[in-house]
Amino acid sequence: MARILVAEDDPRIVSLVRQRLTIEGFQVLEAGDPQEAWRTLIEDGADAALIDLSLRNEADGWRLIGTVRDDGRFARLPIVVVTATPRAEVEEKATSLNCTFLSKPFEPDELVASIRGAMGAALQKVGVTILLAALKIEGTVHLTSELSRFSDAWEILMRDDRSFIPVTGVTVSMPDGSNPSTVPFLQVKKADILAVYPADA
């Protein structure tokens with residue numbers, strides 16, 4: 001499971017980003033200022049970072065990115081720079097620091113595409129049927145493209161640190177398929193899962 005450091009001080013944007021990235025199967029590490037972001041990166045690591053330039057002011061955002069790039073451990077960390085500053089004023093500098101640019105306001109799909117583009121990881125969507133003691137859940141889990149076989153993908157999902165697995169496009173029913181209902185998103189508790197199959201099995 002890829003971990004994304006989200007360095008952003010607006011709680012509304014953090015909530016939106018956390019919700020969408022969790023749905024997409026990422027683990028989100030949150031930081032509200034440059035010092036917290038750097039400490040989180042040092043202590044917990046990350047597979048990519050989403051950094052708002054205006055954490056306190058634009059100079060601090062650039063300073064954080066410069067610190068990351070100057071450290072050999074993170075020199076190649078995929079970074080998406082987020083800002084409401086006009087693209088023409090920041091894109092050249094972002095490119096020079098090997099960062100992807102994302103303009104505010106952004107759509108959730110743009111956010112995901114920018115992060116995956118920076119990481120070079122295409123999204124694989126796997127349809128699943130999950131059996132719990134009293135429910136059957138059918139929907140989609142979201143994985144990176146290198147997990148080409150369902151068994152490998154599910155093994156990695158089951159080994160990840162989260163207690164809940166995000167599933168989208170969900171149909172919930174009784175084990176025999178009766179009384180179905182649909183919801184757009186559901187977090188399934190891993191400890192409750194009895195079995196899981198590809199949707200077409």
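List of remarks:
- 3J(HN,Hα) along region 189-196, derived from phi through the Karplus expression 6.51 cos²θ - 1.76 cosθ + 1.60 where θ = phi - 60°, amounts to 6, 4, 5, 8, 6, 8, 7, 8 Hz, with x in place of Gly and Pro.
- Each Lys and Arg contributes +1 and each Asp and Glu -1, all at the Cβ; summed about the Cα centre of the chain, the dipole is approximately 280 debye.
- For MET174, MET119, order by how many other beta-carbon atoms lie within 10 Å, fewest first: MET174, MET119
- Of the residues PHE26, PHE101, the one with the fewest other Cβ atoms within 10 Å heads the list, and the complete ranking is PHE101, PHE26.
- Integer Hz, Karplus 6.51/-1.76/1.60 couplings in order for region 43-48, x for Gly and Pro: 7, 10, x, 6, 8, 6
- Working ranking of peptides 30-40, 126-136 by packing, defined as the average number of other Cβ atoms within 10 Å per residue, highest first, is 30-40, 126-136.
- Rg over Rh, two decimals, the chain (C-alpha only, Kirkwood Rh): 1.03
- CD proxy at 222 nm, helix term only [per DSSP H run n ≥ 4: -39500 (n - 2.57); per residue of the chain; nearest 500]: -10500 deg cm²/dmol
- 5 Å binning of all Cα-Cα separations within region 3-119, expressed as whole percents from 0 upward: 2, 12, 26, 28, 21, 9, 1
- Extension reserve of the GLN19-ALA134 stretch, reckoned as 0.36 nm per residue once the Cα distance is removed: 38.7 nm
- Residues of region 176-201 falling in the label zone of SER163, defined by backbone nitrogen less than 16 Å from a point 7 Å along Cα to beta-carbon, are 187-193.
- The simple spin-label model puts a point 7 Å past each Cα toward its Cβ; for PHE106 and ARG76 those points are separated by 2.3 nm.
Computed from the coordinates by the stated procedures, all read-outs in this text should not be read as laboratory data. Computed from a prediction, not measured in an experiment: that's the story for all the values here. Quick reminder, even Gly has a Cβ in these numbers, built from the backbone with ideal geometry, and neighbours come from all protein chains shown.
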